Amino acid sequence: MNKVRTTLAAAAATTLVSAVLVAGMGESASAATTGRVDVAAGNTLSIRNAPSGNAAKVGSYADGASIAITCKVSGTSQTGTFGTTNQWDRVASGYVSHAYVSSSSAIPACTTAPPAPSGTAVQKAVVAKAKSLVGKYPYVKNQGGYYGPTNGGFDCSGLTMYAWYQGSGGRVKLTHWSKQQYNEGASVPFSQRQPGDLMFKSGSDGIYHVVVYVGNNQYVGAQSPSDGIRLISFSGAVPSGYLSTVVRPRY
């Protein structure tokens with residue numbers, strides 16, 4: 001009788017363990033949705049560091065690759081194999097446009113932000129993004145933003161929006177207005193400026209211009225219709241017309 005009870009108990013325990021393993025496997029599987037890349041023969045699907053076709057490329061997938069999709073977000077519209085969509089799928093190393101991806105099941109919306117890069121990495125990335133625009137686009141009033149140029153260009157606050165959004169991996173979203181950007185970070189004395197800080201120009205009507213300090217007594221800004229986007233050097237003292245404090249966006 002004891003032998004029978006022992007056998008039944010062992011069987012019950014085995015069944016319980018199997019059930020737990022199956023449940024655990026189900027939770028693991030539900031953590032990611034399987035997708036398949038479908039691009040033209042010989043092409044690859046770019047992985048971007050933000051949900052935008054203008055964001056930095058950080059990798060790629062080959063046609064037919066099976067990918068693990070964590071969740072979906074909205075970004076810039078892209079037209080591809082499966083039509084036009086603003087959906088971007090988050091994968092382990094960034095984002096891919098859903099216009100080139102078929103999925104095995106519904107993809108959940110992202111509810112958490114990606115991990116923040118280190119401070120030094122963010123500063124370097126912001127500077128790199130700002131410098132990448134020099135001489136490439138014209139100044140266009142009220143244009144530019146998180147994902148790149150609009151109507152062919154940037155204005156001053158559109159440039160800083162882009163540099164900080166892209167450089168922070170999408171974590172910093174500045175307002176498209178220089179006066180408001182002055183309140184969107186920590187105020188720091190000009191003598192303590194660091195690469196990536198925002199410098200502001202002010203006149204009788206208050207703040208009207210913003211640029212990105214890029215180190216070595218230089219800044220990048222969308223200056224005017226005649227000057228476009230420029231890299232400008234200064235002596236080290238506060239440039240004429242600029243405030244004696246800079247702003248360091250929080251991330």
Problem set entry | Residue-span extension gain [THR111 to SER191] - 0.36 nm each, minus C-alpha spacing | 24.9 nm
For this session: Take the alpha carbon atoms of region 183-215, find their center, do the same for region 216-251, and report the distance between the two centers in whole angstrom.
Result: 8
Problem set entry | Intensity falloff of region 33-103 expressed as log10 I(q)/I(0), Debye formula with alpha-carbon point scatterers, at q = 0.13, 0.16, 0.23, 0.24 Å⁻¹ | -0.28, -0.43, -0.96, -1.06
For this session: Grab the alpha carbons of region 119-249, take their convex hull, and tell me the volume per residue in Å³.
Result: 96
Seminar exercise, completed: Going from the fewest other Cβ atoms within 10 Å to the most, one would list HIS98, HIS209, HIS176 as HIS176, HIS209, HIS98
Problem set entry | Simple label model, 7 Å out from Cα along Cβ direction - SER244 to ASP38, nm | 6.4
Exercise. If you keep only loop residues by DSSP, which trypsin sites (Lys or Arg not before Pro) in region 99-168 have at most 12 other Cβ atoms within 10 Å of their Cβ?
Worked result: LYS136
Exercise. In this model, which of LYS124/LYS179; LYS57/LYS124; LYS179/LYS201; LYS57/LYS129; LYS136/LYS201; LYS129/LYS173 are farther than 19 Å apart at the alpha-carbon?
Worked result: LYS124/LYS179; LYS136/LYS201
Problem set entry | For CYS156, net neighbour charge (Lys/Arg +1, Asp/Glu -1) across residues whose Cβ lies under 12 Å away | +2
Exercise. Check ILE69: other-chain or 5+ apart residues with amide H under 5 Å from its amide H, H built from backbone geometry?
Worked result: THR33, THR34, GLY35
Exercise. So for the pair LYS141, SER93, with labels modelled 7 Å out along Cα→Cβ, what separation do we get in nm?
Worked result: 4.4
Seminar exercise, completed: The long-range amide H neighbours of ASN142, using H built 1.01 Å from N in the peptide plane and a cut-off of under 5 Å, are ASP155
For this session: Can you tell me the relative contact order of region 33-103? Whole percent, Cα pairs under 8 Å, sequence separation 6 or more.
Result: 36
Seminar exercise, completed: Given backbone amide H placed at 1.01 Å from N, residues whose amide H is under 5 Å from that of ASP197, ignoring those fewer than 5 places away on the same chain, are TYR213
Exercise. Ranking ASP205, ASP38, ASP227 by Cβ neighbours within 10 Å, fewest first, what do you get?
Worked result: ASP205, ASP227, ASP38
Problem set entry | Estimated vicinal HN-Hα couplings, Hz - region 39-55 in sequence order (Karplus 6.51, -1.76, 1.60; Gly, Pro = x) | 10, 4, 3, x, 9, 10, 9, 6, 9, 10, 7, 8, x, 7, x, 8, 6
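Each value in this text was obtained by applying a stated rule to the coordinates, not by laboratory testing. All values reported here derive from a predicted model rather than from experimental measurement. Cβ sites come from the backbone with ideal geometry, for glycine too, and all protein chains shown count toward neighbours.
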